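What follows is a set of notes on a single structure, which appears directly below.
The values are calculated or read from the model by the stated rules, or taken from the named source; none is laboratory data. Just so it is clear, the structure is predicted and the values come from calculations on it, not from any experiment. Ideal geometry is used to build each Cβ from the backbone, glycine not excepted, and the neighbour counts take in all protein chains shown.
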Amino acid sequence: MLVFILKRLAIAIPTLLLLIVFSFLLMHAAPGGPFTQERQMPPEVLANLNAKYGLDQPLWQQIWSYIWGIVAHFDFGPSFVYKDRSVNDIIAQGFPVTLTYGGVSFLVAVLAGVTLGAVAAVKHNTIIDYFAVGISIGAQVLPNFVMAPILVIVFTLILGWLPGGGWRFNDPSYWIMPVIALSTSYMASIARIMRSSMLEVLNSNHIRTARAKGLPGYRVIIRHALKPALLPVVSYLGPAFVAMITGSVIVDIYFSTGGIGKAFVDSALNRDYAVMMGVTILVGALTIFFNLFVDIIYGWIDPKIRY
Amino acid sequence: MVIDSQKMHSLAQATAAEEVAGRSLWADARRRFVRNKAAMFGLVLLVIVVMFAGFGNFFAQWSNQEIDFSVMGMVAQEGGPSLANGHYFGTDDLGRDLFARTVQGTQISLAVGVIGSAIAVIVGTLYGATAGYFGGRLDNLMMRAVDILLAIPYMFVLILLLVMYGRSITMLFVGVGLISWLEMSRIVRGQTLTLKGREYIEAARAIGVPAPVIIRRHILPNLIGVVTVFATLLVPNMILTESFISFLGLGVQEPLTSLGALISEGARTIAYGTLWQLAFPLLFFIITLFGFFFVGDGLRDALDPKDR
C-alpha cells in the first residue's frame with residue numbers, strides 16, 4: 001500500500017512541475033507583455049516595471065524563481081493588474097467560497113446520484129426506473145449555464161424565496177441555488193453509471209445465492225449489492241470533482257458568489273497572467289491529489305486490486 | 001439412455017439454421033439498432049438538425065447579418081416570432097433575424113462537435129493502437145504521458161490558450177482537439193491489448209507481416225465498433241465544451257455565432273421579456289444533444305448486446 005502511494009506520488013510531482021513549466025512557457029510565449037497598453041510607456045518606466053516583476057531575468061531563472069516561490073513559500077507572486085494585491089490574496093479570498101459550495105455540491109451529487117441510480121436499478125423497468133432515467137437524461141442535456149438563469153427567474157424573480165446572488169458563509173439560503181446549478185448534471189451522470197453497474201451486480205451469482213439463502217431483500221441490496229456496484233462510481237469521482245471546480249466559473253458569474261472562478265474569469269479578461277496561472281496550478285494540484293485519493297479509496301473498496 | 005428426441009431435433013434445426021442464415025456482426029447490430037426505439041428517435045432528431053443546418057437558409061427571409069430597422073429598439077414588442085414579417089424565430093436584440101442566426105449557430109456547433117470528435121478518432125486511435133500493440137516500455141511511457149495530460153485542468157488551459165493567442169475559431173478547434181483524444185487513446189489501447197492475443201494476429205506475425213501492416217489491416221478494423229460508439233458520444237461533449245467557452249465570451253466571435261453563444265445572449269436578455277431569444281437556440285441545442293446521446297447509447301447496445 002505504502003509503495004503504491006509512493007509510486008503515485010512519484011508521478012504526481014513531475015506532473016505538477018510539468019504543469020507549472022507548461023503554463024509559464026505558454027504565458028511567456030503569448031504576444032504582448034502584461035504591461036502592453038494602448039498608450040506607449042516611456043522605456044525607462046517599462047524597464048523599471050520589468051525589473052520589479054523580475055521580467056528582465058533570463059527565462060530559466062524566471063521559471064526557477066517562480067517554482068521555488070511556490071514550493072518554498074507557497075507564494076504565487078504579485079498580481080500584474082492589481083498593484084496592491086498578490087495572487088495569494090486573490091486566491092485566499094475566493095477559494096474558501098468555492099470549496100464550500102463545491103464540497104456541498106459534490107456531496108449532494110454523490111448521495112442523490114447513488115440513491116437515484118440504485119433505486120432505479122432495484123425497480124428495473126417500472127415507472128420509478130423510467131422516471132429516474134428521464135431525470136438523468138434531462139439533467140445531462142441541460143447545461144448549468146442554462147439552469148442558472150432559469151433558477152434565478154423561478155426562485156428569485158417569481159417566487160421570491162431565495163436571494164438571487166451574493167454569498168454568506170452563515171446563511172445557507174445563499175448556498176441553495178449554486179449547489180443545485182452545479183450538482184445536477186453530475187448527479188445525473190452518477191445516477192446513470194450507478195444504475196447500469198447495479199443492474200449488472202443484481203444479475204450476478206453472489207446476489208442470487210444471497211437471495212436463495214433467504215436474506216431479506218433490503219439486506220441483500222445494502223450489504224451485498226451496493227458495495228461492488230459503487231466501484232465504477234468511485235472512478236468517476238475524480239473527473240466529477242474537477243468539473244465542480246471548473247463549473248464554479250458559471251456559478252460565480254451568475255450568482256456573484258465571488259469564488260475562484262470569478263478570479264479566473266476576471267484575470268482572463270484583464271490578461272492578468274499571474275492570477276490565471278496561479279488558479280490553473282492550484283486546480284491542477286487539487287486534481288492530481290484528489291485522483292490519488294480516489295485511487296487509494298478504490299483499492300480499499302475493491303479487494304481484488306493488488307498494489 | 002433416453003435422449004429427448006424433440007430437443008435434439010430443435011437443436012439440430014437451430015445449428016443448421018445458423019449455418020444457412022449466418023448473419024454478420026454488423027447485420028446483427030443493425031437489426032438491434034433499428035429495433036431500439038430510443039436510438040431511432042435519436043437518429044430522426046439528428047436528421048432534423050442536420051437538415052435544418054444544411055437547408056435552413058433556403059427558407060430564411062433575412063440573412064444572418066441584416067438588421068431589420070423596423071423592429072430595432074422595440075425588440076420586446078415587435079421582434080417576437082411571426083410569420084408576417086419573415087422572422088420565424090423572432091429577432092435578437094439588435095434586430096437580426098434569429099432564424100438565420102440559429103441556422104448558422106447550429107452549423108458551427110455541429111462543425112465543432114464533429115471536427116473535435118474526428119481529431120479524437122484519428123489521433124486517439126493511432127496513439128492507443130500503437131501503445132497497446134507494442135506494449136512494454138513504450139506502452140508504459142505513452143500511457144504515463146496520457147495520465148499526466150489528463151490530470152491537467154483542461155478547461156482552464158483552454159481558456160488560457162484562447163486568451164493568450166486570440167479568440168479565433170481555429171484556436172478553438174486546436175484547443176478542443178488537443179484534449180479530446182486522451183480518453184479515446186486509453187479505450188483503444190485497452191481494446192488493442194485484448195485483440196493482440198488473438199490467433200489471427202499471431203498467425204500474421206508468424207508469417208512475417210510487419211507491425212504497421214498488422215495494426216492497419218488487422219487491429220484497426222476490429223476497433224471500429226468501440227471507436228464509433230465513443231466518437232458519437234464525444235460529439236455532444238465537444239458541443240457542450242464549445243458552448244461553455246462561447247458562453248464565457250471566449251469562443252466563436254461575431255459575426256459568427258454558435259448555439260452556445262446564442263444561448264448566452266438569450267440568457268442575458270431574458271429579463272427584457274424576449275424569451276424566444278433563449279428558447280429557440282436552446283431547443284436546437286437540446287435536440288442535438290439528445291440525438292447524439294440516444295444514437296450513441298443505441299450503437300453501444302447494438303454492438304454489445306450483453307451489457308444491458
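Can you tell me how many residues in segment A:49-99 are free of Cβ contacts under 8 Å to residues at least 60 places away in the same chain, aromatic (Phe, Trp, Tyr) and closer than 23 Å to A:PRO14 by Cα?
5
Would you confirm whether any residue within segment A:233-242 is within 11 Å of chain B (Cβ to nearest Cβ), surrounded by fewer than 21 Cβ atoms within 10 Å (Cβ to Cβ), without any contact (Cβ under 8 Å) to a residue 40 or more places away in the chain and not in a loop (DSSP other than H, G, I, E, B)?
The answer is yes; a qualifying residue exists.
Return a yes/no flag: does segment B:196-205 have any residue that is in contact with a Leu (Cβ under 7 Å, 6 or more places away or on another chain) and within 14 Å of another protein chain (Cβ to nearest Cβ).
Start the filter on segment B:196-205 by keeping residues that are in contact with a Leu (Cβ under 7 Å, 6 or more places away or on another chain), which leaves B:201.
Going one step further and asking which of them are within 14 Å of another protein chain (Cβ to nearest Cβ), we end up with none.
Checking segment B:196-205: not a single residue is in contact with a Leu (Cβ under 7 Å, 6 or more places away or on another chain) and within 14 Å of another protein chain (Cβ to nearest Cβ).
Which condition does B:GLY166 not pass, out of (1) of a type outside the set (D, E, K, R); (2) outside any loop (DSSP other than H, G, I, E, B); (3) free of Cβ contacts under 8 Å to residues at least 24 places away in the same chain, if it passes all the others?
For B:GLY166, the failing item is (2).
Being buried (at least 16 other Cβ atoms within 10 Å of the Cβ) and either free of Cβ contacts under 8 Å to residues at least 24 places away in the same chain or more than 22 Å from B:LEU303 (Cβ to Cβ) (or both) narrows it down to one residue among B:PHE280, B:PHE230; which is it?
Values: B:PHE230 fails: either free of Cβ contacts under 8 Å to residues at least 24 places away in the same chain or more than 22 Å from B:LEU303 (Cβ to Cβ) (or both).
Every option except B:PHE280 fails the conditions.
A quick yes/no check of all residues on (1) at pLDDT 85 or above; (2) of a type in the set (Val, Ile, Thr):
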position	(1), (2)
B:LEU83	no, no
B:TYR88	no, no
B:ALA111	yes, no
B:VAL121	yes, yes
B:ALA129	yes, no
B:GLY135	no, no
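Could you pull out the residue among B:LEU182, B:LEU240, B:LEU178, B:LEU259 that is in contact (Cβ under 8 Å) with a residue 60 or more places away in the chain, within 14 Å of chain A (Cβ to nearest Cβ) and closer than 26 Å to B:GLY166 by Cβ?
Working: B:LEU182 fails: in contact (Cβ under 8 Å) with a residue 60 or more places away in the chain; B:LEU240 fails: in contact (Cβ under 8 Å) with a residue 60 or more places away in the chain; B:LEU178 fails: in contact (Cβ under 8 Å) with a residue 60 or more places away in the chain.
Among B:LEU182, B:LEU240, B:LEU178, B:LEU259, only B:LEU259 is in contact (Cβ under 8 Å) with a residue 60 or more places away in the chain, within 14 Å of chain A (Cβ to nearest Cβ) and closer than 26 Å to B:GLY166 by Cβ.
Can you spot a residue in segment A:184-191 that is touching a helix residue (DSSP H, G or I) at 6+ places or on another chain (Cβ under 7 Å), within 25 Å of B:ARG268 (Cα to Cα) and modelled with pLDDT of 85 or more? Write out each step before concluding.
Residues of segment A:184-191 that are touching a helix residue (DSSP H, G or I) at 6+ places or on another chain (Cβ under 7 Å), as a first pass: A:184-191.
Next cut, within 25 Å of B:ARG268 (Cα to Cα) only: A:184-186.
Checking the rest, the ones that are also modelled with pLDDT of 85 or more come to A:184, A:186.
There is at least one residue in segment A:184-191 that is touching a helix residue (DSSP H, G or I) at 6+ places or on another chain (Cβ under 7 Å), within 25 Å of B:ARG268 (Cα to Cα) and modelled with pLDDT of 85 or more.
Residue under question is B:ILE219, and the condition is that it be more than 15 Å from the chain's Cα centre (by Cα), more than 27 Å from B:ALA100 (Cα to Cα) and buried (at least 17 other Cβ atoms within 10 Å of the Cβ); does it hold? Don't jump to the end; show me each part of the working.
Numbers: more than 15 Å from the chain's Cα centre (by Cα): yes; more than 27 Å from B:ALA100 (Cα to Cα): yes; buried (at least 17 other Cβ atoms within 10 Å of the Cβ): yes.
Criteria met by B:ILE219.
Can you pull out the residues in segment B:151-160 that are in a helix (DSSP H, G or I) and either at the interface with chain A (Cβ under 7 Å from one of its Cβ atoms) or basic (Lys, Arg) (or both)? I'd like the intermediate steps shown before the answer.
Filtering segment B:151-160 for residues in a helix (DSSP H, G or I) gives B:154-160.
The answer is B:MET155, B:PHE156, B:VAL157, B:ILE159, B:LEU160.
Among helices (runs of 4 or more DSSP H) lying entirely in segment A:54-164, which contain 3 or more residues that are surrounded by 14 or more Cβ atoms within 10 Å (Cβ to Cβ) and under 21 Å from the mean Cα position of the chain (by Cα)?
Numbers: elements: A:59-73, A:87-122, A:127-141, A:144-151.
Of the helices (runs of 4 or more DSSP H) lying wholly inside segment A:54-164, those with at least 3 residues that are surrounded by 14 or more Cβ atoms within 10 Å (Cβ to Cβ) and under 21 Å from the mean Cα position of the chain (by Cα) span A:87-122, A:127-141, A:144-151.
B:GLU265 fails exactly one of the following numbered conditions: (1) within 13 Å of chain A (Cβ to nearest Cβ); (2) within 18 Å of the chain's Cα centre (by Cα). What is the number of that condition?
Here B:GLU265 meets the rest and fails (2).
Return yes when B:LEU250 is part of a helix (DSSP H, G or I) and either within 14 Å of chain A (Cβ to nearest Cβ) or over 21 Å from B:ILE67 (Cβ atoms) (or both) and no when it is not.
On the way: part of a helix (DSSP H, G or I): no; either within 14 Å of chain A (Cβ to nearest Cβ) or over 21 Å from B:ILE67 (Cβ atoms) (or both): yes.
Answer is no for this residue.
Checking the conditions here, which among B:PHE280, B:PHE292 is within 24 Å of A:TYR186 (Cβ to Cβ), touching a helix residue (DSSP H, G or I) at 6+ places or on another chain (Cβ under 7 Å) and within 14 Å of another protein chain (Cβ to nearest Cβ)? So that I can check it myself, show each step before the final result.
Numbers: B:PHE280 fails: within 24 Å of A:TYR186 (Cβ to Cβ).
On inspection, the qualifying residue turns out to be B:PHE292.
Looking at A:THR287 and the list (1) more than 9 Å from chain B (Cβ to nearest Cβ); (2) crowded, with 16+ Cβ neighbours inside 10 Å; (3) not hydrophobic (A, V, I, L, M, F, W, C), which single condition is not satisfied?
Among (1) more than 9 Å from chain B (Cβ to nearest Cβ); (2) crowded, with 16+ Cβ neighbours inside 10 Å; (3) not hydrophobic (A, V, I, L, M, F, W, C), the lone unmet condition for A:THR287 is (1).
If I filter segment A:251-266 down to residues being at the interface with chain B (Cβ under 9 Å from one of its Cβ atoms) and under 19 Å from B:LEU161 (Cβ atoms), which single residue comes out as surrounded by the fewest Cβ atoms within 10 Å (Cβ to Cβ)?
Across segment A:251-266, the extreme among qualifying residues is A:VAL265.
So that you can scan it fast, the table gives a plain yes or no per residue for (1) at pLDDT 85 or above; (2) within 14 Å of another protein chain (Cβ to nearest Cβ):
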site	(1), (2)
A:ASP89	no, no
A:ALA92	no, no
A:THR98	yes, yes
A:TYR101	yes, no
A:VAL108	yes, no
A:LEU111	yes, no
A:HIS124	no, yes
A:LEU159	no, no
A:GLY164	no, yes
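Condition check ((1) touching a strand residue (DSSP E or B) at 6+ places or on another chain (Cβ under 8 Å); (2) outside any loop (DSSP other than H, G, I, E, B)) across all residues:
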residue: B:SER82; (1), (2): no, no
residue: B:PHE89; (1), (2): yes, no
residue: B:ALA100; (1), (2): no, yes
residue: B:GLN107; (1), (2): no, yes
residue: B:VAL112; (1), (2): no, yes
residue: B:ILE119; (1), (2): no, yes
residue: B:GLY128; (1), (2): no, yes
residue: B:LEU141; (1), (2): no, yes
residue: B:VAL146; (1), (2): no, yes
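Scan segment A:126-155 for residues that are within 11 Å of another protein chain (Cβ to nearest Cβ) and hydrophobic (A, V, I, L, M, F, W, C) and report the count.
Number satisfying all stated conditions: 11.
Just the residues that are more than 21 Å from A:ALA148 (Cβ to Cβ) and either within 14 Å of another protein chain (Cβ to nearest Cβ) or in contact with a strand residue (DSSP E or B) (Cβ under 6 Å, 6 or more places away or on another chain) (or both), please, taken from segment A:166-196.
Result: A:ARG192, A:ILE193, A:ARG195, A:SER196.
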